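To keep things clear, I will list the structure first and then write my remarks on it.
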Amino acid sequence: MKRTLVLILALLLTCCSSNVNPKLVLKKSEAILHENFEAKAVFVMTLKTPKFVDRTVYTMKVIRFGNETKIAFLNYSFSPKTPVHERMKIALKDAWIIDDGSHFYLYTPHLKYVGDKVGLYGVAEGIPRYTYLPFVTCLDVARTFDKAENVRLVGEEGKCYVISYELSYPTVRFSDRAKVKVWISDYVPVKAEIDAKYHDTEIRMVTTFENFTTNVIKVNFSLRGLTVMKRY
């Protein structure tokens, strides 16, 4: 009798889940591309090869207002200790990006040659979005929803729909193909996992939004006092 009840419950849950159209959920979640919001973003990337494992963690504050997005870097940690990571940590201290949709401005005040200069770059269509900066936010993930292939509902976790799909090159710029799993709460992508492989390197990216809020006061995106240097 107990086993029968468990089977009935499982069947009911399956039926409820099957009524959710994952493509429609992704479509509705694209609204984040046009909303004003503020969130803490954490991005973790792990690279595994037969010889080593490399791990980096970016902590950021993301503010979107109107057509612009500002990403302020709060912390950068890594392992193992390498000269490349040490230079990146210096470069990202108090650094920020302003993204106007077609270009982005990168300010890295702790690099000696920068001074009052801010670099102007073109954004990429796929992910990662920013030249020389291999991180992805949940906002960037939402930009790929219209390119999603083999979309399916994995299940539900708390208030989140968990949806998986695949991306192919050039939407994903570091591999021929990637598997994506995204957690969507109230049509906001709050977490995503991206898994891919490049030759013998396994790539795993995990990006999250924390403290997400739409109660945003208008932000000053002014570049006053800075000299814009075209870098592309």
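For Rg and Dmax of the Cα atoms in Å, the candidate list reads [x] 17.7, 56; [y] 16.6, 46; [z] 19.7, 75; the entry that matches the value derived from this model is [z]. Going from the fewest other Cβ atoms within 10 Å to the most, the residues PHE135, PHE43, PHE52 appear in the order PHE52, PHE43, PHE135.
Is the shape of the stretch 82-204 rounded, prolate or oblate, going by the alpha carbon gyration tensor and its root eigenvalues a ≥ b ≥ c, with a/c under 1.5 for rounded and a/b larger than b/c for prolate? Prolate, since a/c reaches 1.5 and a/b exceeds b/c. Sorted ascending by nearby beta carbons within 10 Å, beginning with the fewest, ILE194, ILE217 become ILE217, ILE194. When the Cα positions of LEU120, THR207, GLY158 are compared along the charge dipole of the stretch 24-230, LEU120 comes out farthest toward the positive end, with charges on each C-beta of Lys, Arg, Asp and Glu. Per residue, the average separation of C-alpha pairs within less than 8 Å and at least 6 apart gives the chain a relative contact order of 22 percent. Length gained on full extension, LEU223 to HIS199, computed as 0.36 nm times the residue gap minus the Cα-Cα distance: 4.5 nm.
Relative to the longest principal axis of the Cα atoms of the chain, the long axis of helix 83-92 makes an angle of roughly 80 degrees. Label-to-label distance, THR82 versus GLU35, with points set 7 angstrom from Cα along the beta-carbon direction: 3.7 nm.
When DSSP beta bridges are limited to those with both residues in the chain, what percentage is antiparallel, rounded to the nearest 5? Restricted to the chain, the bridges split so that about 95 percent are antiparallel. Just checking the listed ones, HIS85, HIS199, HIS110: in the Gaussian network model of the chain with Cα springs under 10 Å, the one fluctuating most is HIS199.
Taking each DSSP H run with n ≥ 4 as -39500 (n - 2.57) and averaging over every residue of the chain yields -5000 deg cm²/dmol at 222 nm.
Computed from label points 7 Å out along Cα-Cβ, the spacing between LYS23 and ASN215 is 3.8 nm. Model label points for SER168 and LYS112, set 7 angstrom from Cα along the Cα-to-Cβ axis, are 4.8 nm apart. Counting other Cβ atoms within 10 Å as a rough exposure proxy, the listed residues PHE37, PHE73 run PHE37, PHE73 from fewest neighbours to most.
Coordinate-derived values only; no laboratory data. Remember, predicted model here, so these are calculated numbers, not experimental data. Here Cβ is always computed from backbone atoms with ideal geometry, including for glycine, and neighbour counts include all displayed protein chains.
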